[in-house]
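Quick note: the coordinates plus some simple rules give every number you see, no bench work behind them. Keep in mind it's a predicted model, so treat the numbers as computed, not measured. Neighbour counts are summed over all protein chains in view; Cβ atoms, including those assigned to glycine, are modelled from backbone coordinates with ideal geometry.
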Amino acid sequence: MENTLNKDEIAAKVIAILEQEDPLPEASLEDKLDYRYLDTGHIDSFSIMNLIVELEDTFDIKLSSEDTQSDQFRTARGLVSIISGYLSASVGW
């Protein structure tokens, strides 16, 4: 996986992963980024492991338990932030 993705590209991939089963109910990109998919049940406890594996495989990262238990993990925007941090660290940004 190339580590030169910008935040918009990361966001598009994160949203596509979240929408594999069902589209997010929000209309605008900004609303989708802020949608609390865990709190609303869009991703249930059975699907969360699949989400983690999919994110790790797509972005060639390893999420920590701190990442997955953080408030950031509950929105697409937060996921983008977490992933961006890993990708920028791997290329020395």
Net dipole in debye of the chain [+1 Lys, Arg Cβ; -1 Asp, Glu Cβ; about Cα centre; nearest 20]: 220 debye
Loop trypsin sites (Lys or Arg not before Pro), region 24-83, which have at most 14 other Cβ atoms in a 10 Å radius of their Cβ (DSSP): Lys62
³J(HN,Hα), Karplus 6.51/-1.76/1.60, whole Hz, each residue of region 21-32, x for Gly, Pro: 8, 9, x, 5, x, 7, 8, 8, 4, 4, 5, 4
Reported label for calculated P(r) over Cα pairs in 10 Å bins from 0, in percent given (i) 16, 50, 29, 5; (ii) 16, 55, 26, 3; (iii) 13, 33, 28, 16, 7, 2: (ii)
